[in-house]
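Taking it in order: structure first as structure tokens, then the write-up.
The values are calculated or read from the model by the stated rules, or taken from the named source; none is laboratory data. Because the structure is a prediction, the values reported are computed rather than measured. Here Cβ is always computed from backbone atoms with ideal geometry, including for glycine, and neighbour counts include all displayed protein chains.
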Amino acid sequence: MHLLLYIVVLLLLLPFSANAEDIQAWTGTDTALELTYQVLRLVDRNQTLEIAKHPETRTEGCIFLDEHPSTSEVNQYMALLSISHALISYALPKPYRTAWQAVTIIDVGTAVNHNRQAGLAISFSF
């Protein structure tokens with residue numbers, strides 16, 4: 001679901017033109033929201049790596065990854081999501097940026113919580 005959401009937003013941005021002042025108006029709130037997303041994405045990555053390392057007992061539910069992805073696939077997918085999120089966040093003008101960041105924080109936070117309820121730890125390792 002995550003990647004599909006990003007693709008839709010990118011497609012919506014193609015015909016969109018904002019002036020440079022709107023795009024550059026990055027605030028401390030934007031930074032805090034982006035860091036929140038990125039930390040949650042790191043936790044999701046670590047939880048997904050645990051799934052990848054234990055294919056005998058766990059399966060991945062993301063439609064963009066195999067049920068038993070390799071650690072390399074997990075790292076590439078999560079890196080793509082993190083980088084694309086930051087780029088989209090930077091490109092969006094206010095108030096779209098804030099809405100985008102809030103919706104995606106809720107999305108990844110929900111995934112992290114679901115994984116936690118399934119018994120996966122919350123960790124911040126790289």
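Quick rundown of the values:
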quantity: From SER82, SER89, SER72, SER125, residue being exposed (fewer than 14 other Cβ atoms within 10 Å of the Cβ) and in contact (Cβ under 8 Å) with a residue 12 or more places away in the chain; calculated: SER125
quantity: Test: residue in region 72-86 that is over 24 Å from GLY28 (Cβ atoms), more than 14 Å from the chain's Cα centre (by Cα) and of a type outside the set (D, E, K, R); calculated: yes
quantity: Test result for GLY109, under 12 Å from the mean Cα position of the chain (by Cα) and either closer than 30 Å to ALA25 by Cα or not aliphatic (A, V, I, L, M) (or both); calculated: yes
quantity: Search result, residues across region 73-125 that are hydrophobic (A, V, I, L, M, F, W, C), over 20 Å from GLU60 (Cα atoms) and outside any helix (DSSP H, G or I); calculated: LEU92
quantity: Restricting region 28-60 to residues that are surrounded by 16 or more Cβ atoms within 10 Å (Cβ to Cβ) and outside any helix (DSSP H, G or I), the residue that is nearest to the chain's Cα centre (by Cα); calculated: GLU60
quantity: Flag if ASP107 is out of contact with any Lys or Arg (no Cβ under 7 Å at 6 or more places or on another chain), among the acidic types (Asp, Glu), modelled with pLDDT of 95 or more and under 21 Å from PHE126 (Cβ atoms); calculated: no
